[in-house]
Amino acid sequence: MNELYVCKVGELDDGGVRIVGEPGHRIGVMLHDGEYLAYLNRCPHQGGPACEGMRIPQVQDVIDEAGLFVGQRYDESDLHIVCPWHGYEFHIKTGEHVCNSAVRLRKYATVVREGGIYVQY
Amino acid sequence: MTATAGVFREPLRKSFDTEEHLGNAYQQALERNYEDFLIVDVDSHHYETEAFGEIARYIEDPVLRDEALYQGMARGGVTSVDGSYQEMTGRVTRYPLRRHEATPPTIHRDITLMRRWMDAMGVDMACMFPTPMLNIATCPRVEVEVALARAYNRWLCDNILSEEPRLTSMLYLPFNDPESCYRMVEEFGDRKGVIGFMVTATHYKSVQDNAFVKTYAALQERGLPLGFHAAYTWGDKSTALMNRFISVHALGFVWHNMVHMTNWLMNGMPERFPRLKTLWIESGLAWVPFLMQRLDNEFMMRSSDAPLLKRKPSDYMREMFYTSQPMEMVENKEALELTFKMMKAESQLLYSSDYPHWDMDLPSTIYDLPFLQEGQKRAILGGNAQDLFKLDPHFAPWKLERQKQRAMAARG
Ligand code: FES
């Protein structure tokens, strides 16, 4: 197994992302809720740099008890990685597309060692 | 082993670089050896809004010129008819960040930006269209549409098409004024880089109107194709019932072209203008088999309604040309393959990206299709366009360089 040094702990803020690796094999490493997550920076749709986009929570249509549509809101507990090329959205914790879990970003393990963040591939 | 990071970048900053945004596209181009063949993108866009001051100065009427300079051409805000949220609240990052991209002062910014994305995708030549100006089709003041169309066409020919042989365009026809359409063909038909003319599909004019016959004859005479570029408008009575952009876009971009195609066929235009080639732009592909089946079925029962047709509507449709994007391709390989077959894609389909818009397609959407032979892929990606528009091929500089390197390597 290979390891790639990402950066020092503290250099990556919560919500931030670092793109590391070589052309054709770039990995996005992000810190979310205290957890380091790493995904191949290549979207399963058309190959876009999925890790370089916005983070935005799940949008919900709100239907009240009477069955009426009353508006929209964000589900802040379900943050998405949004691919900047066309907007495919993936659950940040799993890398799975929000509408089809078979469509997913390739996930890598991360380790923190002696103050450094590493991604294993 | 532990490797050091090859690059270390912090995305989501405020600058924008097309080549970086499309870095993965360039990888695809290298992996697939796109230097081996010509790629022509038949529908791409620029944001003429950035050069609108220059364009407006081409308006001859001094009063309208001042008005245009004062008001500008940007889309309206959240409440306007076309103030859509196409950009998905910034999710498609090139929309909000594009304006931060730095370009050198010596070359027109639009040429630089076009070259950058074309090179990144492996596109050699592009047919370019404006973006907000497609919507002047729905401008209630016909004279404004005509003046802006002429100003844009002059500006484009003078500043862009004359300067870069990789760039071409099918020029905008102000379809609300048939006489002006004819004059546009006469005035610009021979300009460098003009490979045809284009009607925005949201025009509320019937294509079979006798008033357009002169224009069609002029196009046919010159061997210039007529394109129908799909669009949507929230001002249409049916789309006005919709509350989501996805709805108005998914249907609007197909619906308006279906209307024109149906009129074109039922009024026998392919028989009346047998040498006039038509190109149906940005409606995707799925509507083609639908309309073929629908019209054939009705035509067999009531051919008296379309007496100029000597064959089934689908036979004529198979002789027309189509651009590929946005290609419907979510878990439907079988349907897609049949669609390609029904429309005779190997000779009638032309690759288009629609870059930089939100639903753009890369050349790999065609190149990676498992049911196409290499020759068919190359035809769709460039050969068909080269034939239809009689293009003199101009390759991207990096492709020429790579061809050279490979030839040298082969010689040892
Ligand atoms: S490539 Fe990621 S959404 Fe299309």
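The values are calculated or read from the model by the stated rules, or taken from the named source; none is laboratory data. Owing to the predicted nature of the structure, the values given are computational and were not obtained by experimental measurement. Please note: Cβ atoms are built from the backbone with ideal geometry, for glycine as well, and neighbour counts cover all protein chains shown. We work out accessible area using only protein heavy atoms, side chains counted, and drop any ligands, DNA or RNA first. Shrake-Rupley method; radii C 1.70, N 1.55, O 1.52, S 1.80 Å.
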Translational diffusion coefficient (Stokes-Einstein; Kirkwood radius from C-alpha pairs) of region A:3-120 at 10 °C, 1.306 mPa s, in µm²/s:
105 µm²/s
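Quote the Stokes-Einstein diffusion coefficient, in whole µm² s⁻¹, for the protein assembly as shown, based on the Kirkwood radius over alpha carbon pairs, a temperature of 10 °C and a viscosity of 1.306 mPa s.
Details: Rh = 24.9 Å.
Diffusion coefficient, whole number: 64 µm²/s.
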Value at 222 nm in deg cm²/dmol, rounded to 500, when DSSP H runs of n ≥ 4 in chain B each add -39,500 (n - 2.57):
-11500 deg cm²/dmol
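Could you sort B:V288, B:V254 by their accessible area in this structure, using a 1.4 Å probe and putting the largest first? Don't skip to the end; give the middle numbers.
Working: B:V288 0, B:V254 30 Å².
Order by accessible area, largest first: B:V254, B:V288.
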Mean 1/r over distinct Cα pairs of chain B, inverted to a Kirkwood Rh in Å, yields 22.4 Å
Run down the aspartates and glutamates and flag those whose C-alpha is under 19 Å from the C-alpha of B:K310, throwing out any fewer than 8 positions away in its chain.
B:E271, B:D296, B:E298, B:E319
Accessible area, 1.4 Å probe, largest first: how do A:R104, B:R318 sort?
A:R104, B:R318
Stretched fully, the stretch from B:V330 through B:K390 gains (0.36 nm per residue minus C-alpha distance, one decimal, in nm) 18.2 nm
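Which of the pairs B:K377/B:K404; B:K312/B:K333; B:K333/B:K377; B:K312/B:K344; A:K107/B:K333; B:K277/B:K333 have their Cα atoms more than 20 Å apart in this structure? Each step should come with its number before you reach the end.
On the way: B:K377/B:K404 23 Å; B:K312/B:K333 27 Å; B:K333/B:K377 16 Å; B:K312/B:K344 15 Å; A:K107/B:K333 27 Å; B:K277/B:K333 29 Å.
Long pairs (Cα-Cα over 20 Å): B:K377/B:K404; B:K312/B:K333; A:K107/B:K333; B:K277/B:K333.
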In the protein assembly as shown, which Cys residues have no partner Cys with a Cβ closer than 4.7 Å?
A:C7, A:C51, A:C99, B:C127, B:C139, B:C157, B:C181
Any chance you could check the Cα centroid distance between region B:176-191 and region A:1-61 for me, in angstrom?
51 Å
Return the Cα extents of region B:156-223 along principal axes one, two and three, sorted largest first, each rounded to a whole Å.
37, 25, 15
Considering only protein heavy atoms and a 1.4 Å probe, what is the carbon-and-sulfur percentage of the accessible area of region A:3-120?
48 percent
Which aspartates and glutamates, if any, have their Cα less than 13 Å from the Cα of B:K192, not counting same-chain residues under 8 positions apart?
B:D158, B:E163, B:E164, B:D392
Please give the residues from region B:27-43 for which the solvent-accessible area of heavy atoms, probe 1.4 Å, is smaller by at least 20 Å² with all protein chains in place than with the chain isolated.
B:Q27, B:Q28
Given chain A, longest segment not containing exposed loop GluC sites (Glu not before Pro) (DSSP; at most 15 other Cβ within 10 Å)
A:12-64
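State in Å² the accessible area per residue of the protein assembly as shown; use a 1.4 Å probe, count heavy atoms of protein chains only, and round to the nearest integer.
Working: 23390 Å² over 533 residues.
The answer is 44 Å² per residue.
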